[in-house]
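The structure appears below as structure tokens.
The values are calculated or read from the model by the stated rules, or taken from the named source; none is laboratory data. Bear in mind the structure is a predicted one, so any value in this text is a computation, not a measurement. Cβ placement follows ideal geometry from the backbone for every residue including glycine, while neighbour counts extend to all protein chains displayed.
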Amino acid sequence: MRLARKAADEGNTDSAVAAWKPSDSCGPGGSNPRNALLAYLARVTGSTRAYTIAQQSLATSPKDGALLVDTGLLAAQLGLSQDAATYWQQALAADPSQTRAHLFWVTTLDRHGHPEERHRTT
């Protein structure tokens, strides 16, 4: 994590990503470094690269509710509203206590004219 943070501070995105990857493969404990990297990439390079890495992370942590919520947020930032909604639904299925997933999913339902479906998510 330190190497990733140092590379990020120096503006070396590729080195930051390379240094982060081993910590992500460590399972649930790798979520803090991953979250830091996703936030960094979203801020510095835009959402596309962060979204790609989030999707790759889901291959090793498909039931990580927080990662599913964050991947949905990145999808929404890219205008992929259907993908975002799918990630939020998956987050709720994996972890019904994901408050952010409830909030984003209900907001999506309201925005797309389906408020009657809100009761299914709470």
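Mind checking which residues of the stretch 76-98 are surrounded by fewer than 18 Cβ atoms within 10 Å (Cβ to Cβ), among the polar types (S, T, N, Q) and assigned to a loop (DSSP other than H, G, I, E, B)?
Scanning the stretch 76-98 gives a single hit, Ser97.
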*Would you say Ser57 is in contact (Cβ under 8 Å) with a residue 12 or more places away in the chain, assigned by TED's automatic domain parsing to the domain that holds Ala42 and not β-branched (Val, Ile, Thr)?*
yes
*Residue ID - modelled with the highest pLDDT, chosen from residues in the stretch 28-75 that are of a type in the set (Ser, Thr, Tyr) and not in a helix (DSSP H, G or I)*: Ser61
